[in-house]
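Report on the following structure.
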Amino acid sequence: MSVAVIGTGSGAVVRALRAAGVVDVIVYELVSGGDPPDSAIGGPRRTSSTTRRRWRHREDQPVPRRLVEVSELVFDEDEDRWQIHLVGIEPEQARVVILTAEPAGVQLGVTGRESRTLDAAWSPTPVTFRGIATRGFPNLFFAYGTEPVVRAEFSAPRVDLIATWVRALQRQSGTRIEVRASAQHEYHRRLGMTPGTARRPGRPRPHHFDITVAADRQPDHDYAGPAVLDLPGAEYPVLATLTGHTDPIDGRYHWYGRLDPAETTTLPEPTRASAFLVLPGREPAAAHLTERDPWGNLRVTGVGTPPFAPEPH
């Protein structure tokens, strides 16, 4: 698994990666990188004698270093790799990118999932999880610290935390690691309760990041989109998430899913009355409303021709 460290002052990051057993590392030292901010990730770093003995043969190997001008980073969603665009030469690739300098400070454009830029995601202020990662930009870590309250202090724990997550991606043979939206939201909620107070990066928890391969992210439904729930005397616009299968015993198609309220719609209580679900451009399909889930959405089932065009399984 290839890891690209981009920026100045990369020594501490490389040492942490090597100590974690990540050896396929290349350093891109930016021509216009300037000095590392606050020397936050440079300088000597303490490791135990056991760690030094364990990884000595890896730490002694020279790390490839290139003095280049990186113009842009673009995430390839199909390959789960970062395209590293270099001025004057062909682009290169890396599974994981670790930045040791602010993108704005070195005029580095960063484009993540769904063509969203980091500038847009961070407008008006950076939004990250523990200063090391941002939702929507998988396989990308920030070693310099993105928020002022975490930038100057606790740099060694932050670098160790990044190395731990990169090692987890490698050990689980994943191709993508991305912070969960809930983890990022909760971090900023707590950060807002004590503004101006530095927070330690903390320990890695399994629920903080998703580690996946492409097959894990295939949609587990046949249809997700707008629909109309038709009940006697009323119609409700909903957002439907539906799937189904052919039962091998009765030979009929059984479909099921969830109905979320659209806009300000309030969904009715489950009823035994005749119900139909209508998707755009499709014929109404008889449906049964079975229950309301803890989030207020309705569970829906049906037998026979589904309201959607079934995908072959």
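Derivation of every value follows stated rules applied to the coordinates shown; laboratory data play no part. From a predicted model like this one, the values you see are computed outputs, not experimental measurements. Quick reminder, even Gly has a Cβ in these numbers, built from the backbone with ideal geometry, and neighbours come from all protein chains shown.
Karplus-derived 3J(HN,Hα) values for segment 71-82, using 6.51 cos²θ - 1.76 cosθ + 1.60 with θ = phi - 60°, are 9, 6, 10, 10, 7, 8, 5, 6, 9, 6, 9, 8 Hz; glycine and proline are entered as x.
Net length available on complete extension from His185 to Glu102 is 27.7 nm, with 0.36 nm assigned per residue and the Cα-Cα distance removed.
With a Förster radius of 51 Å applied to the beta-carbon distance between Val87 and Thr301, the computed FRET efficiency rounds to 0.35. In order along segment 85-94, the phi-based Karplus estimate (6.51 cos²θ - 1.76 cosθ + 1.60, θ = phi - 60°) of 3J(HN,Hα) comes to 8, 10, 6, x, 9, 5, x, 10, 10, 8 Hz; Gly and Pro are listed as x.
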